[in-house]
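The values are calculated or read from the model by the stated rules, or taken from the named source; none is laboratory data. Keep in mind that this is a model prediction, so the values were computed, not measured. For neighbour counting, all protein chains shown are included, and Cβ atoms are generated from backbone atoms with ideal geometry for every residue, glycine included. All accessible areas refer to the heavy atoms of the entire protein, side chains included, with ligands and DNA or RNA removed. Shrake-Rupley method; radii C 1.70, N 1.55, O 1.52, S 1.80 Å.
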Amino acid sequence: AAKKAGRNTFCLFSQEMESALHFRTGLENDLRRAIENGEFSLHYQPQRDQAGRLIGVEALARWHSPFRGPVSPGLFIPVAEASGLILPLGHWVFEQACRQSVRWNRSDNGNRPPVVIAVNVSALQLRQPDFVQDILRTIEETGAQATHLKLELTESAMVEDVQATIDKMLELKRHGLTLALDDFGTGYSSLSLLKRLPLDQLKIDQSFVRELLATPSDVAIARSIIALADALGLEVIAEGVETREQQQFLAALGCTRYQGYLFGKPVPAEQFDGSY
Ligand code: C2E
Ligand code: MG
Ligand code: MG
Ligand code: MG
């Protein structure tokens with residue numbers, strides 16, 4: 001009986017793996033076509049200070065497939081990363097963000113402060129030897145200003161070939177871009193590494209914000225990240241702020257920059273103009 005159970009367990013597992021593989025292969029093929037057919041768009045989510053003033057926006061990729069309907073980035077970004085399709089997709093995202101930045105920051109836009117657009121960058125993109133060149137060329141070709149663009153990097157991009165990564169970051173900063181570390185606290189990077197990275201901002205991951213009011217360990221983590229950012233001279237922003245209580249709690253801990261549904265959901269660029 002034990003042998004039989006073992007066999008069944010094995011079969012079940014391999015069936016699951018096979019369907020997962022099918023799912024991924026299907027998604028990957030659709031994704032490849034979707035990039036060629038231009039099925040992507042960008043949404044923008046506001047980042048605000050304590051007074052509710054706009055301090056930036058994050059660009060988030062959206063895929064509307066003609067047969068699948070809207071597909072969540074949580075689903076297609078990992079497939080794009082594993083297949084290498086994140087390279088053409090990421091290039092497209094950055095170029096669109098640059099074009100939007102030019103529209104939002106035209107000199108005839110009155111006395112509004114410039115809008116800084118934060119763009120997510122995958123580890124695989126950052127690892128490309130010509131990554132910096134590609135970014136700088138896109139900025140030049142679109143007529144955008146480097147100071148109006150921020151790159152959101154993840155800890156996973158920092159573990160490999162640290163010196164090469166730091167060199168790229170320094171070159172981007174020399175040209176005026178700013179750099180944020182996304183989902184901070186969820187990856188593997190060490191404090192000694194963090195100390196070496198030429199960052200401008202830490203983003204407190206939404207997993208620590210979600211149950212902040214009910215979870216003492218999340219409070220301890222949020223407090224530590226804020227203190228760490230302060231000690232290292234970095235800005236800190238909290239992600240996934242959904243309630244006034246969370247915002248007030250974060251403010252009491254010393255975090256004064258927020259992103260989350262409380263301050264605005266990600267929306268297409270056209271819907272943004274009224275929300276300054
Ligand atoms: P992320 O960069 O950490 O982006 C924040 C995610 O949290 C977004 O999910 C956003 O819609 C969601 N969010 C914002 N406020 C709230 C809130 O108050 N509550 C909750 N529950 N969620 C909130 P989204 O758009 O589904 O994107 C998921 C992830 O996919 C992003 O996480 C990012 O890692 C990745 N991603 C999205 N667009 C791109 C892209 O263009 N390039 C790359 N490389 N990754 C991307
Ligand atoms: Mg992000
Ligand atoms: Mg994040
Ligand atoms: Mg996240």
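Okay, here's what the table says:
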quantity: Accessible surface ranking that places the most exposed of 41, 65 first, with a 1.4 angstrom probe; calculated: 41, 65
quantity: Pairs of lysines in the chain (C-alpha under 22 Å apart; 8 or more residues apart or interchain); calculated: 11
quantity: Descending principal axes extents, the range 69-114, alpha-carbon based, whole Å; calculated: 43, 21, 17
quantity: Cα point-scatterer Debye curve for the chain, base-10 log of I(q)/I(0) at q = 0.07 Å⁻¹; calculated: -0.29
quantity: Förster radius 30 Å - calculated FRET efficiency between residue 33 and residue 128 (Cβ-Cβ, nearest 0.05); calculated: 0.85
quantity: The range 106-234 - Kirkwood radius from inverse mean 1/r over Cα pairs (Å); calculated: 16.0
quantity: Distance from the range 132-167 to the range 86-103 (C-alpha centre basis), Å; calculated: 12
quantity: Beta bridges by DSSP in the chain, antiparallel share as percent, to the nearest 5; calculated: 45
quantity: The chain, relative contact order [Cα under 8 Å, separation at least 6], %; calculated: 18
quantity: For the range 38-53 and the range 206-276, distance of Cα centres in Å; calculated: 14
